[in-house]
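**Q** Can you read through this structure? Questions will come right after.
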Amino acid sequence: MEDEKEKLREDNDEQMVDDAFQHLLDSYLASRHRKKVDIITKAFNFARQAHKGVRRLSGEPYILHPIAVAQIACEEVGLGSTSICAALLHDVVEDTDYTTEDIENIFGAKIAQIVDGLTKISGGIFGEQASAQAENFKKLLLTMSDDIRVILIKICDRLHNMRTLESQPANKQYKIAGETLYIYAPLANRLGLNKIKSELENLSFRYEHPDEYNSIKAKLASTEASRHELFDQFTAPIEDALKQMGVKYQIKERVKTPYSIWNKMQNKHVTFDEVYDILAVRIIFTPNKREEEINECFNIYVAISKIYKSHPDRLRDWLSHPKANGYQALHVTLMSKQGRWIEVQIRSDRMDEIAEQGFAAHWKYKDGMEKEFTEDETELNEWLRTIKEILDDPQPDAMDFLDAIKLNLFASEIFVFTPKGEIKTMPTGCTALDFAFSIHTFLGSHCIGAKVNHKLVPLSHKLQSGDQVEILTSKSQHVQASWINFVSTAKARAKIQAILRRNGREIQKLGEDMLEEFLRKNDIENTPAVADQLAAFHESNNREEFFQAIGDKTILLGEKDLDELHGKNATSGKRGWRRLVPFLGKSKQKKADTETQEFFVVPEKFNRKKPIYINDENIGQYKFRHCCHPIPGDDILGFIDNKHRIEIHKRDCPVANKLKTSYGNRILDAKWDMHKRLFFDATIHIEGIDRMGMVMDISSVISSQMNVNIHKFSITSEEGVFEGDIEIRVHDREDVKTIIDQLKKIDGLQEVTQTM
């Protein structure tokens, strides 16, 4: 009986695999690529044999994963046979006994090179060893410059992993989702893969904040009918105008994703009902002549702006100067007859395909045949060159490195002119100093100021689109540590840090010598462990920073250091050991202020897959960081620090995002189990129209109606408008929401938001 069941299961699996591969072949044959079916079938059969008998966590045959990655590469990114074969083979070298040489002998050098690139950056995304993601990311970027298809397939791989994330334990879900949001979604965006970027963001959001995700999904579903009605009413006269012009077109409804709605709600402190740009309209047309498509975009704009009034400040022209990821379109915002601003995106079918499939779609319009990616993709190569510069002089700390890449990859752009009239693309918010470093390191390091539009400005002057910039230099000028505070591009930051590090090495060496002398005098052996212990004691991030601080005398070694090394943890002299109590119970306030308690230390055989529960009794055993101020009701996670203690962060905390990406295997699932006995601090920001009795009304709602203690209340009023902050003591996030809902009912109170 068991044998029959097993046989049936195997037959079902075989059928499932055959169907998946047939679907891949059908998609490939429907594309505009040369039909190299033989090599794809050969790669499939090879991978199937190599992964035979292996299953994923979900229980399905492992070969379905490479097929799914190849399907995404073919159908959603538009790649050809070379990439499809590499996708089918991408796990063979890592997971089986086959080598890159075997792949090269059977499938040729190009496929082997891409598979090798994918193997180098793989670190078993779902494996226990997958903690050093920052290192993997460096490898990922290095292999990009060899063949961009490596990263395109890696993004396809990540998308399929995200689509099948359900079978993973919660701590792995947070790690992978955080990594995706921090690295892969912005990378997909930078390569123009708009559809994939949106799906990656949405899937990350779904696993990190399931309640908010489901709530927004439900609200989108409930408002769907009214959106369709608005869309139909708005587009009817536009369709008539386009028909009269003889334009061959499609009009699509673009609805904001749950993630981008939530993001806007967080950043702008608004409710779902106050997000007005949930609906946008996309006009996609087929031009009569390819060279006329930009003119046709403007003709359509002129025609529809006769029907509806356009917003003068919201015309976005990415036609003449496409975004660095190749995106081209004309965006205009029009006032509908219902009194709502609606964004209309006008683009040709070619622009639409590039917007959805990104870089891989560019070459389709060159000759319709599969070919290698060429070196004439100047925008992309400019970007890769900048990345290589950062990699050539990498940051000593993986977190710094990720920050540097993050700065460079994903900022929106402005256009700046050199004195000779050449255009340079720069990120929004960049300064004159960023511009100087973007031209040459020497120019940046000796920059004393700039002339912007022929007016003298300081180094920190922020540039606007259209500025003409001339850099002024002096040989006596040298890089200053303060520069790091106002540069915004990765290149400038990396160069400044490299020069400062070079200058700081002498001070570091001096600090090292001073520590060695101090330890020798006190008969203590100078080992890396001793230096690490003292560095942690002085709250330095690493050994190098500690030596630097000793060298420039911001840390003076003395008795307290000897106490630390001999294990005398006198709380009077030692920082960081007093328990940070994030709550204040009314009856326990004094006790809580003075009490000290050991933090929970994670034992060696701790089950990291199970969630930790924070309750009224054990809350003091966990470290609550001030970066995000979590309180009960927030989505949280745990992070095991270098001393094996557990830090608690909000899941969307910027610090936690970096931790998920760099130290993914130290992430824990954390849940609240509180019973409204303890109090936590929360701050509410208010703005509104001033009137007599406003403060009394606010106090009445909080103190009398809600029976909540106001800890601090500060308010300023100017010309009839006021703003202020109220610090209150609450049990959980639900209390804060109830108070905000009640405050919103007060006459004249325009905006109520929670800041902490």
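**Q** Among the listed residues 240, 211, 273, which satisfies the condition of being without any contact (Cβ under 8 Å) to a residue 24 or more places away in the chain and either under 27 Å from the mean Cα position of the chain (by Cα) or within 23 Å of residue 195 (Cβ to Cβ) (or both)?
**A** Details: 240 fails: either under 27 Å from the mean Cα position of the chain (by Cα) or within 23 Å of residue 195 (Cβ to Cβ) (or both); 211 fails: without any contact (Cβ under 8 Å) to a residue 24 or more places away in the chain.
Matching residue, one of 240, 211, 273: 273.
**Q** Could you grab me the full set of residues in segment 608-630 that are open to solvent by 60 Å² or more (accessible area, probe 1.4 Å), farther than 17 Å from residue 683 by Cβ and not acidic (Asp, Glu)?
**A** Passing the criteria: 608, 609, 610, 613.
**Q** Which condition from (1) touching a helix residue (DSSP H, G or I) at 6+ places or on another chain (Cβ under 6 Å); (2) among the charged types (D, E, K, R); (3) assigned to a loop (DSSP other than H, G, I, E, B) is the one that residue 658 breaks?
**A** Result: residue 658 fails condition (3) only.
**Q** For the list (1) under 20 Å from residue 205 (Cβ atoms); (2) in contact with a Lys or Arg (Cβ under 8 Å, 6 or more places away or on another chain), I need the number of the one condition that residue 658 fails.
**A** Evaluating residue 658 over (1) under 20 Å from residue 205 (Cβ atoms); (2) in contact with a Lys or Arg (Cβ under 8 Å, 6 or more places away or on another chain) leaves (2) as the failure.
**Q** Here's a follow-up. Do we have residue 732 as in contact with a Gly (Cβ under 7 Å, 6 or more places away or on another chain), open to solvent by 20 Å² or more (accessible area, probe 1.4 Å), acidic (Asp, Glu) and farther than 17 Å from residue 611 by Cα here? It would help to see each step written out before you state the result.
**A** Values: in contact with a Gly (Cβ under 7 Å, 6 or more places away or on another chain): yes; open to solvent by 20 Å² or more (accessible area, probe 1.4 Å): yes; acidic (Asp, Glu): yes; farther than 17 Å from residue 611 by Cα: yes.
Spelling it out, residue 732 is indeed in contact with a Gly (Cβ under 7 Å, 6 or more places away or on another chain), open to solvent by 20 Å² or more (accessible area, probe 1.4 Å), acidic (Asp, Glu) and farther than 17 Å from residue 611 by Cα.
**Q** Okay, moving on. Can you tell me which residue in segment 312-343 is nearest to the chain's Cα centre (by Cα), limited to those that are among the aliphatic types (A, V, I, L, M) and not in a strand (DSSP E or B)?
**A** Within segment 312-343, the first condition is being among the aliphatic types (A, V, I, L, M), and the residues that meet it are 315, 319, 324, 329-330, 332, 334-335, 342.
If we keep only those that are not in a strand (DSSP E or B) as well, we get 315, 319, 324, 329.
On the way: 315: 27, 319: 27, 324: 18, 329: 24 Å.
This residue is 324.
**Q** On the given criteria, is residue 98 of a type in the set (Phe, Trp, Tyr), open to solvent by 10 Å² or more (accessible area, probe 1.4 Å) and either touching a His at 6+ places or on another chain (Cβ under 7 Å) or closer than 29 Å to residue 175 by Cα (or both)? Step through it out loud before you land on a result.
**A** On the way: of a type in the set (Phe, Trp, Tyr): yes; open to solvent by 10 Å² or more (accessible area, probe 1.4 Å): yes; either touching a His at 6+ places or on another chain (Cβ under 7 Å) or closer than 29 Å to residue 175 by Cα (or both): no.
So residue 98 does not fit the description; no.
**Q** What number of residues within segment 493-534 satisfy the criterion of being closer than 13 Å to residue 561 by Cβ and touching a residue at least 24 places away in the same chain (Cβ under 8 Å)?
**A** 8
**Q** Among (1) at pLDDT 90 or above; (2) more than 28 Å from residue 350 (Cα to Cα), where does residue 273 come up short?
**A** Just one mismatch for residue 273, condition (1).
**Q** While we're looking at this one, here's another question. Among the listed residues 688, 633, 664, identify the single one that is under 24 Å from the mean Cα position of the chain (by Cα), farther than 22 Å from residue 183 by Cβ and modelled with pLDDT under 90. Even if it seems obvious, please write down each step before you answer.
**A** Numbers: 688 fails: under 24 Å from the mean Cα position of the chain (by Cα); 664 fails: farther than 22 Å from residue 183 by Cβ.
Sole residue among the options that is under 24 Å from the mean Cα position of the chain (by Cα), farther than 22 Å from residue 183 by Cβ and modelled with pLDDT under 90: 633.
**Q** Report, by residue number, each residue of segment 585-630 that is polar (S, T, N, Q) and either modelled with pLDDT under 85 or in a loop (DSSP other than H, G, I, E, B) (or both).
**A** The answer is 587, 589, 594, 596, 597, 607, 618.
**Q** Still on this structure, I have one more. With respect to residue 649, is the statement that it is under 22 Å from residue 755 (Cβ atoms) and open to solvent by less than 60 Å² (accessible area, probe 1.4 Å) true?
**A** Working: under 22 Å from residue 755 (Cβ atoms): yes; open to solvent by less than 60 Å² (accessible area, probe 1.4 Å): yes.
So residue 649 fits the description; yes.
**Q** Looking at (1) at pLDDT 85 or above; (2) out of contact with any Ser or Thr (no Cβ under 9 Å at 6 or more places or on another chain); (3) open to solvent by less than 60 Å² (accessible area, probe 1.4 Å), find the lone condition where residue 512 falls short.
**A** In the conditions (1) at pLDDT 85 or above; (2) out of contact with any Ser or Thr (no Cβ under 9 Å at 6 or more places or on another chain); (3) open to solvent by less than 60 Å² (accessible area, probe 1.4 Å), residue 512 misses (3) alone.
**Q** Quick check on segment 148-200: of everything there that is open to solvent by 10 Å² or more (accessible area, probe 1.4 Å) and assigned to a loop (DSSP other than H, G, I, E, B), which residue is farthest from residue 78 (Cα to Cα)?
**A** 169
**Q** Same structure, new question: Which of the residues spanning segment 691-729 are open to solvent by 70 Å² or more (accessible area, probe 1.4 Å), in a strand (DSSP E or B) and closer than 13 Å to residue 679 by Cα?
**A** Of everything in segment 691-729, just one residue is open to solvent by 70 Å² or more (accessible area, probe 1.4 Å), in a strand (DSSP E or B) and closer than 13 Å to residue 679 by Cα, namely 711.
**Q** Determine which single condition residue 285 fails, assuming it passes every other condition in (1) closer than 30 Å to residue 686 by Cα; (2) of a type in the set (A, V, I, L, M, F, W, C); (3) in contact with a Phe, Trp or Tyr (Cβ under 9 Å, 6 or more places away or on another chain).
**A** Exception for residue 285: condition (1).
The values are calculated or read from the model by the stated rules, or taken from the named source; none is laboratory data. Please read these numbers as outputs of a predicted model, since none were measured by experiment. Reconstructed Cβ throughout: ideal geometry from the backbone, glycine too, with neighbour counts over all protein chains shown. We work out accessible area using only protein heavy atoms, side chains counted, and drop any ligands, DNA or RNA first. Shrake-Rupley method; radii C 1.70, N 1.55, O 1.52, S 1.80 Å.
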